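The values are calculated or read from the model by the stated rules, or taken from the named source; none is laboratory data. Nothing here was measured: the structure is a model prediction, and the numbers come from that model. Cβ sites come from the backbone with ideal geometry, for glycine too, and all protein chains shown count toward neighbours. Note: areas computed on protein heavy atoms with side chains; ligands, DNA, RNA excluded. Shrake-Rupley method; radii C 1.70, N 1.55, O 1.52, S 1.80 Å.
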Amino acid sequence: MSLELTRVPRQLPLHHNHTLKVSLHKGKPSPKISIYLAFSVSPSRSTKPQTPHRRREPKEPIFVFSSSSSSSVHQCHNYYIKKMTVVIDKHNVLVGTFFAFLFLYILRQNIWKREKIRKRTTLKIQNDSAVSVLRHENGGGFSSADDVIVVGAGVAGAALAYTLGKDGRRVHVIERDLKEPDRIVGELLQPGGYLKLIELGLEDCVEEIDAQRVLGYALFKDGKNTRLSYPLEKFHTDVSGRSFHNGRFIQRMREKAATLPNVRLEQGTVTSLLEEDGTIKGVQYKTKDGQELKAYAPLTIVCDGCFSNLRRSLCNPKVDVPSCFVGLILENCKLPFENHGHVILADPSPILFYPISSTEVRCLVDVPGQKVPSIANGEMANYLKNMVAPQIPSELRNAFVSAIHKASLTKYLESFYTLRKPVASTINTLAGALYKVFSASSDDARKEMREACFDYLSLGGNFSAGPVALLSGLNPRPLSLVLHFFAVAVYGVGRLLLPFPSPKGMWIGARLISSASGIIFPIIKAEGVRQMFFPATIPAVYRAPPVD
């Protein structure tokens, strides 16, 4: 290949003196593309060549593309045109095609961004119009000119109210009971949840409530145990799980939301949604004093918990109640592994222990079935002492029995709704799968799956860090969940076939794979395939991040 640069001879008029002729040659003649660079110049009134100090400067360049194969200098009316010839090997057409597609892709992205900005502007105009309409319909103003009504001030409602209020929205929160709740669920915050608190500016809500740091889990089975630590090496030292009294945590979040001047918390019971022409315009509620009132806002968000009175008016979820939790508080009890949650793989279902204060440990006993032993007539106490206590590790057994005698039993139905939030689908799926795997079963394949899961997690390294990262919310990728779940199944099959395969082992191995598929796939289907693997395809309204 050669590159040839030729200056135009001096005999040409002066206005051509700085024109260069460029040619590329490679072997045989090839197709050529010519690029003309034209400068707009006022025509000369004199036929004599202009002197250098009288020559006029060129104006804006005009680019003209041609397929001509010659290389020369042209004068076209008011334009002096410089022509450059570039020779392109026909075998490099693919390179040109690539850059053409790249140009079109960039152009398409710019058009898409402009369309997104246009839609966002349109949505804001519609929201502002809705506010104006509602103010007009209610005599110039509705209740405190609210932008958003939030029904329920639990973890979701309080966090949402604070976030919207910090964003400048006028939020009206209506909560049935503003006193500190007494619940036995929502007491262990995973590290991924703590990172979300930091993102929302709510991390101080776990302070001043005697919250305990949680660094992982310990599994107990048939006298064996293994410790599974959260993979926190890449995070700040303050990042970990937190366990606490649920009521104290919720009260701190409510107090935090109430510090904003544009967030108003009111105690009241929402009885119905105000709907007109298929649009929710507000709520009707009864105040603490029994007064019936109405509140209006362009947006109403219902987050009043699993026992919601309004859920059936918004959707028709399928409710499954596979078991209930019975909760106890063990006082002045030291766990075998400090700052760890403890999972005992008992029969018929798992038992959980975790600290909720510096002097208290929560115990949750899962009792399968919708019909459970009665607490009132002592059936539950007998069940716990005779069926559960013998399976508790010796370090915790005496404290467990003492808690039963104090009759501080609390029952909570563990209801599972198939309508879940996409952001929690990975944790929900893993939790549901582990519950089924860790529950005792008379099926040989399920028993082998349980043994394989315990041994797989005991291997350490990525075999334990991967699943724990999924459960802790540090790794929300559903594909990792599916890979680890079936890795456990394959590990179980390998245990059955080594050192020498047998017909019985091969049969149980095939059933193990089938059992694993029967556990994971229905849960994924219930959560929603699109929600888990393609969340970006779910219709949603996004707003741009605030500008500093």
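Return yes when Pro476 is open to solvent by 50 Å² or more (accessible area, probe 1.4 Å), under 30 Å from Arg530 (Cβ atoms) and either touching a residue at least 12 places away in the same chain (Cβ under 8 Å) or in contact with a Ser or Thr (Cβ under 7 Å, 6 or more places away or on another chain) (or both) and no when it is not.
Numbers: open to solvent by 50 Å² or more (accessible area, probe 1.4 Å): yes; under 30 Å from Arg530 (Cβ atoms): yes; either touching a residue at least 12 places away in the same chain (Cβ under 8 Å) or in contact with a Ser or Thr (Cβ under 7 Å, 6 or more places away or on another chain) (or both): yes.
Yes: the conditions hold for Pro476.
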message = Looking only at the range 474-492, how many residues end up being outside any loop (DSSP other than H, G, I, E, B), in contact with a helix residue (DSSP H, G or I) (Cβ under 6 Å, 6 or more places away or on another chain) and at pLDDT 85 or above?
response = 6
ask   = Can you tell me which residues in the range 272-292 are within 21 Å of Ala145 (Cβ to Cβ) and in contact (Cβ under 8 Å) with a residue 40 or more places away in the chain?
value = Leu273, Lys281, Gly282, Val283, Tyr285
ask   = How about the range 237-343: which strands (runs of 3 or more DSSP E) wholly inside it have at least 1 residues that are more than 27 Å from Leu215 (Cα to Cα), of a type outside the set (A, V, I, L, M, F, W, C) and open to solvent by less than 60 Å² (accessible area, probe 1.4 Å)?
value = 263-276, 279-287, 292-296, 299-302, 319-331
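Quick grid of which residues meet (1) open to solvent by 20 Å² or more (accessible area, probe 1.4 Å); (2) among the charged types (D, E, K, R):
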{"residue": "Gly154", "(1), (2)": "yes, no"}
{"residue": "Ala159", "(1), (2)": "no, no"}
{"residue": "Arg169", "(1), (2)": "yes, yes"}
{"residue": "Val173", "(1), (2)": "no, no"}
{"residue": "Glu180", "(1), (2)": "yes, yes"}
{"residue": "Val185", "(1), (2)": "yes, no"}
{"residue": "Leu200", "(1), (2)": "yes, no"}
{"residue": "Asp204", "(1), (2)": "yes, yes"}
ask   = Does Leu228 meet the test of being under 24 Å from the mean Cα position of the chain (by Cα) and part of a loop (DSSP other than H, G, I, E, B)?
value = no
request  = Among residues belonging to the range 368-406 that are open to solvent by 80 Å² or more (accessible area, probe 1.4 Å) and not in a helix (DSSP H, G or I), point out the one that is nearest to Tyr435 (Cα to Cα).
outcome  = Gln370
message = Yes or no: the range 248-270 includes at least one residue that is under 21 Å from Ala145 (Cα atoms) and of a type in the set (Phe, Trp, Tyr).
response = no
ask   = If you go through the range 281-313, how many residues are acidic (Asp, Glu) and within 21 Å of Pro181 (Cβ to Cβ)?
value = 1
ask   = Going through the range 439-452 one residue at a time, which ones are open to solvent by 10 Å² or more (accessible area, probe 1.4 Å) and either touching an Asp or Glu at 6+ places or on another chain (Cβ under 9 Å) or not in a loop (DSSP other than H, G, I, E, B) (or both)?
value = Ser439, Ala440, Asp444, Arg446, Lys447, Glu448, Arg450, Glu451
query = List the pairs whose first member sits in the range 196-225 and is farther than 25 Å from Leu160 by Cα, whose second member is open to solvent by less than 60 Å² (accessible area, probe 1.4 Å) and part of a helix (DSSP H, G or I), and whose Cβ atoms are under 6 Å apart, counting only residues at least 6 apart or on separate chains?
reply = Lys221/Phe454
ask   = Restricting attention to the range 278-295, does a residue exist that is among the aliphatic types (A, V, I, L, M) and under 24 Å from Ile184 (Cβ atoms)?
value = no
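In the range 515-525, what residues are in contact with a helix residue (DSSP H, G or I) (Cβ under 8 Å, 6 or more places away or on another chain) and either outside any helix (DSSP H, G or I) or more than 25 Å from Asn462 (Cα to Cα) (or both)? Explain how you work it out, then say what you get.
Applying the first criterion (in contact with a helix residue (DSSP H, G or I) (Cβ under 8 Å, 6 or more places away or on another chain)) to the range 515-525 yields 515-516, 519-520, 523-524.
Within the range 515-525, no residue meets the criteria.
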inquiry  = For Val361, only one of the following conditions fails: (1) aliphatic (A, V, I, L, M); (2) open to solvent by less than 10 Å² (accessible area, probe 1.4 Å); (3) at pLDDT 90 or above; (4) not in a strand (DSSP E or B). What is its number?
reply    = (4)
